[in-house]
Each structure stands twice: as structure tokens, then as C-alpha cells.
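**Q** Okay, handing you the structure first.
Here, each number is a calculation from the coordinates, and none is a lab measurement. Small disclaimer: the values here were computed from a predicted structure and weren't measured. We place every Cβ from the backbone using ideal geometry, glycine too, and count neighbours over all the protein chains shown.
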């Protein structure tokens, strides 16, 4: 577990800040239970314990410290045995929609397990847990539990209730909502690590106004700016269908001509990116530092005609990480779009940081398309091959 291994002063800070946040519950709810929004819980956790914030990525963990990945959840205590969402499979719906009940549950278990394993590989993690912030009337309770893969060989107690599929393995109880493509797990709030009372302010607006006015007389407020970022697809589009080309992009190692290293790949940069974000990347063939999700740093550059490719130096470094360490492909095994569908990721986000380095993270299926639509790319050349 995580919390028991932290310094007491950091645990105390975490507890006191949760009290403060919980006291502002009337900003959001009239209930008697403290309200802690999930993004606030994630950010506070990382601030309190110096953990790396993974919440901007689409993976099974929200934070990491060393080789431990942490999924941070906040929900109402209720009876201490509630079903909570642990995964959505909207983009993978086509992979199981036509299967029978037993086949559907097996496919869901496979998809869930692949996501957990992919998270381990992307961030170099050895173990994953859930850190749960539960709330009941006037109180916050903290406990932790393992983030287990589903033991496919031990799946049993299958019940089909039409839109809901219930099942268990030897460790956990699960429920899948077919209409929402959402998987739930029952969380038992046992082995409490921390619990404390929270006093909810009757009028938090008045308190915040006074605090803000007081702060302005002491110092000028400062505001942060978001890092510049873009999304890049790991696929191409051909005849309206998403594909991984067999001889370019992430399968560049398979191109005709000269012999190539089995890890030689590049991430395609659509032409419209350079039109809308002309100053995002350095000039063609100018090296920069690319920071991977596991915090390893590699030398990268944009190259080829039209600066259409994000590559590394050596050009095998990117493929070694992406094809072998993350996707676990064998050498000279073709990557297909279906393999990306199975892990729920088909694009990357690249952040340009103040340090001059660039961070790269995986993003869920559909992220690039949303980014493209947000940038109103009507009239700009299509991504189609």
C-alpha cells in the first residue's frame, strides 16, 4: 500500500487540505456529505506526496511514484460495498457487441487486462493500487486496495440481466453496463487508513470572496498558462477506415528498399498541424529532447518532406519503446489498428514545455479527431492516404 509509507507531515498536509476542500462542498452540492471532485482529488494527491500526475493521459493510473501506479477514486461511502466505474469501452464496442454472454465477458476481461498491462509498460510500473477517498455525512475516509487484473480462468457466477452482466473471479465482483460500455467493480471500504471529520461551510461563496479580497491586498494574483500541445494520430485513414500502413509510419521498418532496423518507425504529422501550429516544432532536422511517459529522454526531430514525420536519433529508439516496451510486439511483427483498439489508444499528445523539451503521452481513441475538429480544419488537406 501507499499511504502507510509516506512521511507523517505529508499525510497531515493531505488530510488538512481535504478538510479545506470538503468545507467548500456547498459550492457544488446541498448534501451533508463532503464533496471532492475527482480532478481535485488527483491533483491534491500528487501535490501532497510528490507523485507524478498521470491524469492528463488515458491509462489505468492517475498518478505514480517510483514503480507504483495509483488509481485515485472518490465516491460516497454509502453501505461500504458500492459498485464504482473502473473502465469504459465505448471505442472498443465493436470488438464485443456481437458476442454471446460468455464470450463478451471474456473479451471485456482481456481488454481490461491489456489496459492494465499497457499502463505498466508505458510508465515502467511494477504494481498498481486504488487510493480511495470516500465520503459520508460530515466525514472523509481513506483506504487502499489492489488494482487487480481479472483472472480469466476463474471467471464465474455469470448473470445476464439484459443490459447488465454480472460476474466474479476469485478476488473481485464486477458488473458491465452494455448500453454505457462501462465496467464496474465492487469496492469494500475495509482496512481504513485514515478518517476525519469535515465541517461544511454554510456560505462558501462569502468565505471565498473575503479570502480573495484579502489576498489581493497582500500580493498580486498570478495565473498559469497551459502548455502548448498537439495531438498526433498513430494511424492513417484510407477509404474512410483507420489503418496502420504496412510500409510506413509505425511499420516503417517494413518499407521496401534498403535494409532497416526492426525498430525503425516514425509518428506521422498531418500537414494541417504545421499550418495551424507553424511554430510548435523546431525547424526540420533540428534536434530536441522528447520525454517519454516513463521519464526517459531521447533525442528527436521532425524530418522527411513537409516535416511529415516525428522520428528519433537513433531512429530505432522510438520503435524500441513504442513497439517493444509498450505494445509488446515481436520483432518484425506488423502493427495493426486492431491492436491499438484492444488497448483503447490510437494517438499521442505532445506537450511543448517551458524548459524547451517536449513531453509525449498516449491518448484514447478519438482524441486526435476531437482535436482536429476543435481546430476547424475545414478546407485543410484530409488525413486520407
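**Q** For the stretch 132-184, how big is Rg over Rh, using alpha carbon atoms and the Kirkwood form of Rh?
**A** On the Cα set of the stretch 132-184, Rg over Rh gives 1.09.
**Q** Starting from the Cα of residue 26, step 7 Å along the direction of its Cβ; do the same at residue 38; then give the gap between the two resulting points in nm.
**A** 2.8 nm
**Q** So how tilted is helix 204-218 from the main axis of the chain? Cα-based, degrees 0 to 90, rounded to 10.
**A** Taking Cα atoms only, the helix is inclined about 70 degrees.
**Q** Then there is this: Pick from 202, 42, 139: which is most flexible by mean-square fluctuation in a GNM of the chain where alpha carbon atoms under 10 Å apart are linked?
**A** 202
**Q** Okay, moving on. Looking at the chain as a GNM with Cα springs under 10 Å, which of 18, 232, 27 has the largest mean-square fluctuation?
**A** 27
**Q** Using 0.36 nm times the number of residues separating residue 81 and residue 354, minus their current alpha carbon distance, what extension gain do you get? Intermediate results must be reported in sequence, preceding the final value.
**A** Numbers: separation 273, 0.36 × 273 = 98.28 nm, distance 4.47 nm.
Full extension of this stretch gives 93.8 nm more.
**Q** Can you tell me the 0 to 90 degree angle between the C-alpha axis of helix 101-123 and the longest principal axis of the chain, rounded to 10?
**A** Here the helix axis deviates by roughly 80 degrees.
**Q** Follow-up. Starting from the Cα of residue 206, move 7 Å in the Cα-to-Cβ direction to define the label point; list residues of the stretch 24-41 whose amide nitrogen is under 17 Å from there.
**A** 24-28
**Q** Could I ask something else about it? Quick check on the stretch 3-216: take the gyration tensor over C-alpha atoms, sort the square-rooted eigenvalues as a ≥ b ≥ c, and tell me if it's rounded (a/c under 1.5), prolate or oblate.
**A** Verdict is prolate for the stretch 3-216.
**Q** Expressed as a rounded percentage, what relative contact order does the chain have, with Cα pairs under 8 Å and six or more residues apart?
**A** Numbers: 692 pairs, mean separation 60.3, N = 385.
Contact order relative to length: 16 percent.
**Q** Next up: Compute the helix-to-body angle for 8-23: its Cα long axis versus the longest principal axis of the chain, expressed 0 to 90° and rounded to tens.
**A** 80 degrees
**Q** In vacuum, with every alpha carbon of the stretch 312-376 counted as one equal point scatterer, what does the Debye formula give for log10 I(q)/I(0) at q = 0.12, 0.13 Å⁻¹? Two decimals, please.
**A** Debye intensities relative to I(0), on a log10 scale: -0.40, -0.47.
**Q** Another question, then. Based on the alpha-carbon gyration tensor of the stretch 35-100 and its eigenvalue square roots a ≥ b ≥ c, which shape applies: rounded if a/c is under 1.5, prolate if not and a/b is larger than b/c, or oblate? Each step should come with its number before you reach the end.
**A** On the way: a/c = 2.61, a/b = 1.47, b/c = 1.77.
Oblate is the answer for the stretch 35-100, as a/c is 1.5 or above yet b/c matches or exceeds a/b.
**Q** Let me ask something additional. Round to the nearest 0.05 the FRET efficiency obtained for residue 93 and residue 152 when R0 = 22 Å and r is the Cβ-Cβ distance. Present the calculation step by step, with values, prior to reporting the outcome.
**A** Numbers: r = 20 Å, r/R0 = 0.91.
So the FRET efficiency works out to roughly 0.65.
**Q** If we restrict to alpha carbons, what Rg and Dmax does the stretch 1-73 come to, in Å?
**A** Expressed in Å, the Cα Rg and Dmax of the stretch 1-73 come to 13.1, 40.
**Q** Taking N as the number of residues in the stretch 225-266, what is its Cα Rg relative to 2.2 N^0.38 Å? If you can, show how the numbers build up before the last one.
**A** Values: Rg = 14.0 Å, N = 42, 2.2 N^0.38 = 9.1 Å.
Dividing the Cα Rg of the stretch 225-266 by 2.2 N^0.38 Å gives 1.54.
**Q** Right, next: Go from 0 up to the bin containing the longest alpha carbon distance in the chain, width 20 Å each, and give me the % of pairs per bin.
**A** 24, 52, 23, 1
**Q** Using every alpha carbon pair in the stretch 260-381, what percent of pairs falls into each 5 Å bin from 0 up to the bin containing the largest distance?
**A** Over the stretch 260-381, the share of Cα pairs per 5 Å bin runs 2, 10, 19, 23, 22, 16, 7, 1 percent.
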